[in-house]
Amino acid sequence: MLHLTVLGSGSSGNCAVVSTERTTVLVDAGLSAKQIALRLEAGGFNPSTLDGILLTHEHGDHTAGLEIVTRKWDIPIYATPLTRESVEDSFRHRPRWRMMQTGTPFELNDLRIECFSVPHDAADPVGFAIHDHESKLGFVSDVGFVTNLMRDRLQGSHTLFLEANYDTQLLEADTKRPWSTKQRISSRHGHLSNDQAAELVAALAHQDLHQVVLGHLSEDCNDPTTAVNFIRRALAGNCSQEVEIWCADRKNASPKREVARRATTRQVLTWEPMLPL
């Protein structure tokens, strides 16, 4: 059974755990190494037994703890070549790099992982489609707008982790941010609004969608109730009462949650054996 645990998500840092009985990986390492270790251990995970870290992109709120975590526990890093180039110069040691190619799935123990390109102001930002033999997790963090490729790769996800960074009206009314910053946030290489996130969820809704996890919420220009209500309205009339919708916290880890309902009858996902990275 595939599980998701969000250790923290927001502009101050992003890190999540994807786990099965055999495999445990981080998606990003944007918290401090100390916080990553503390939150992992509080959730029942041992940092020294992590099987890898999947990087979405190189920005500091996704990589802040990467150097120390990989130096202390010798955890392999899965990244695209351009993302590796963007972060490796800051390392004081040589980590174990595993190169990912966008659009090319690979196996990591009992997981099949595929990264796909997303629009954001980074070197080579990606989202992930992560499968075990029962369920599928779609994971998209920083994104400026929704592409057809994203819709295609996220189709059939039982759980969606998706950024809902800002509420359009709150961002426009914000007096702390200069106009140029607002333009960057709402640009096609910035972040997703509640409206955009809701539109994507509505397009991806299906009878076995179990939950929607909203991440990277702005502390000033969004709030959990507003974000959740956008998604719930988008799912109205489409089994919305059966879909769990919740917001990841920036300061606290979530409980471990099943990616798919255990009681739901699902087609077993199969694939041809592949060589691991």
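Values in this text are rule-based calculations from the coordinates and carry no lab data. The model shown is predicted, which means the values in this text are computed figures rather than measured ones. Here the Cβ is made from the backbone with ideal geometry for all residues, glycine too, and neighbour counts use every protein chain on show.
State which residue is nearest to Ser218 (Cα to Cα) when the search covers only segment 110-148 and only residues that are in contact with a Pro (Cβ under 8 Å, 6 or more places away or on another chain), among the charged types (D, E, K, R) and surrounded by fewer than 24 Cβ atoms within 10 Å (Cβ to Cβ).
Residue satisfying both the conditions and the ranking: Asp124.
Of the numbered conditions (1) crowded, with 21+ Cβ neighbours inside 10 Å; (2) farther than 23 Å from Asp132 by Cβ, Gln35 satisfies every one except a single condition; which is it?
Result: Gln35 passes all but (1).
Assess whether Gly156 counts as being on the phi > 0 side of the Ramachandran plot and either surrounded by fewer than 24 Cβ atoms within 10 Å (Cβ to Cβ) or free of Cβ contacts under 8 Å to residues at least 24 places away in the same chain (or both).
yes
To keep it simple, each residue is scored yes or no on (1) over 19 Å from Arg153 (Cα atoms); (2) surrounded by 19 or more Cβ atoms within 10 Å (Cβ to Cβ).
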{"site": "Gln169", "(1), (2)": "yes, no"}
{"site": "Lys182", "(1), (2)": "yes, no"}
{"site": "Asn194", "(1), (2)": "yes, yes"}
{"site": "Leu200", "(1), (2)": "no, yes"}
{"site": "Ala203", "(1), (2)": "no, no"}
{"site": "Glu219", "(1), (2)": "yes, no"}
{"site": "Asp223", "(1), (2)": "yes, no"}
{"site": "Ala227", "(1), (2)": "yes, yes"}
{"site": "Ala234", "(1), (2)": "yes, yes"}
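When the residues of segment 74-90 are filtered to those that are in contact with a helix residue (DSSP H, G or I) (Cβ under 7 Å, 6 or more places away or on another chain) and surrounded by 15 or more Cβ atoms within 10 Å (Cβ to Cβ), which remaining residue is nearest to Ala122 (Cα to Cα)?
Val87
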